[in-house]
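Report on one structure; see the data block that follows.
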Amino acid sequence: MTSSSAPQDPAAPAAKAPKDPWDLPDVSGLVVGVLGGTGEQGRGLAYRFARAGQKVIIGSRAADCARDAAAELGHGVEGADNAETARRSDVVIVAVPWDGHAKTLESLREELAGKLVVDCVNPLGFDKKGAYALKPEEGSAAEQAAALLPDSRVTAAFHHLSAVLLQDASLDEIDTDVMVLGEERADVEVVQALVGRIAGMRGVFAGRLRNAHQVESLVANPISVNCRYKAHAGLRVTDI
């Protein structure tokens, strides 16, 4: 019996091995800007990245406020207004309050053109029953950012991190995973690599931006956990 398959050409190039998902780029030389860097989450992220040796600029609507916050954080952090922060940064983290999200991004469309933007905003409401998820018209905060910034490369990450732990100088590591979403693998891997610069953290690809709503909404659950158990809960993805 003869095989119906065609003989393999010995001169043909070998099949390319699949890319190792943990083979991430060197991002140590990138400048990280944090819009909303005077808020609790923004300050915490800026502190952790600067402590890891990353060049960090925090932005605010008022440059003086940003410079004051940067001086408190130390580790070489600089402060500037939001526009200057966006212009001078390679990667820009959006950590502004949800109610100012659209207005802030609209005002910075030109400065953010061509930049890698990482949205970590969680659209949440609060009532006497606790935190609950809001559903933006675009589907999620990240998708709103992508719609408002057509010339930027928008990703989403850092949603479930405790601002208290981020700012706790006594902690050398923060034991948590960070779900990263985005359209382009190369952009996602840059963000994953940045996550890995923070001791104890690991960036895990969690899908395209159309899945960002579930990730943003999930923040309401750790808030409930933290309230009940007086904790600062994080997430771990198992078996990878």
Subset of the range 86-138 that is touching a helix residue (DSSP H, G or I) at 6+ places or on another chain (Cβ under 8 Å), among the basic types (Lys, Arg) and surrounded by 13 or more Cβ atoms within 10 Å (Cβ to Cβ) - its residue that is nearest to Leu148 (Cα to Cα):
Arg109
Among the residues of the range 103-145, count how many are of a type in the set (Lys, Arg) and under 15 Å from Ile93 (Cα atoms).
2
Could you give me the residue pairs with C-beta distances under 7 Å whose first residue belongs to the range 115-144 and is under 13 Å from Gly182 (Cβ atoms) and free of Cβ contacts under 8 Å to residues at least 40 places away in the same chain, whose second residue is part of a loop (DSSP other than H, G, I, E, B) and of a type in the set (A, V, I, L, M, F, W, C) wherever it lies, and which are 6+ apart or on separate chains?
Val117/Leu149
Of (1) in contact (Cβ under 8 Å) with a residue 60 or more places away in the chain; (2) in contact with a Leu (Cβ under 7 Å, 6 or more places away or on another chain), Asp175 satisfies every one except (2)
Hey, Val219 hydrophobic (A, V, I, L, M, F, W, C), within 20 Å of Leu30 (Cα to Cα) and modelled with pLDDT of 95 or more or not
no
Which residue pairs have Cβ atoms under 7 Å apart, sit 6 or more places apart or on different chains, and have a first residue in the range 61-75 that is closer than 21 Å to Asp168 by Cα and modelled with pLDDT of 95 or more and a second that is among the hydrophobic types (A, V, I, L, M, F, W, C) and surrounded by 13 or more Cβ atoms within 10 Å (Cβ to Cβ)?
Ala66/Ile58; Ala66/Ala80; Ala69/Ile58; Ala70/Ile58; Ala70/Val77; Leu73/Ala46; Leu73/Ala50; His75/Ala50
Residues of the range 156-190 being touching a Gly at 6+ places or on another chain (Cβ under 6 Å) and closer than 17 Å to Gln41 by Cβ, in sequence order, are Ala163, Leu166, Gln167, Ile174, Thr176, Val178, Val180
Test Gly196 against the criterion of being touching a Gly at 6+ places or on another chain (Cβ under 9 Å), open to solvent by 10 Å² or more (accessible area, probe 1.4 Å) and in contact (Cβ under 8 Å) with a residue 24 or more places away in the chain, and give yes or no.
yes
With a cut-off of at least 1 residues that are farther than 26 Å from Arg202 by Cβ, name the helices (runs of 4 or more DSSP H) lying wholly within the range 92-172.
101-107, 141-148
Restricting the range 86-129 to residues that are touching a strand residue (DSSP E or B) at 6+ places or on another chain (Cβ under 9 Å) and polar (S, T, N, Q), the one farthest from Gly39 (Cα to Cα) turns out to be Ser89
Looking at the structure I just gave you, is Ser162 of a type in the set (Gly, Ala, Ser) and open to solvent by 80 Å² or more (accessible area, probe 1.4 Å)?
no
Only one residue in Leu194, Leu149, Leu209 is touching a Lys or Arg at 6+ places or on another chain (Cβ under 9 Å), among the hydrophobic types (A, V, I, L, M, F, W, C) and under 21 Å from Gly114 (Cα atoms), so which one is that?
Leu149
So Asp90, is it touching a Lys or Arg at 6+ places or on another chain (Cβ under 8 Å), touching a residue at least 12 places away in the same chain (Cβ under 8 Å) and not basic (Lys, Arg)
yes
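The values are calculated or read from the model by the stated rules, or taken from the named source; none is laboratory data. What you see is a predicted model, and the numbers here were worked out from it, not measured in a lab. With ideal geometry, Cβ positions are generated from the backbone for all residues, glycine too; neighbour counts draw on all protein chains shown. Heads up: the accessible areas ignore ligands, DNA and RNA and are worked out on the full protein's heavy atoms, side chains in. Shrake-Rupley method; radii C 1.70, N 1.55, O 1.52, S 1.80 Å.
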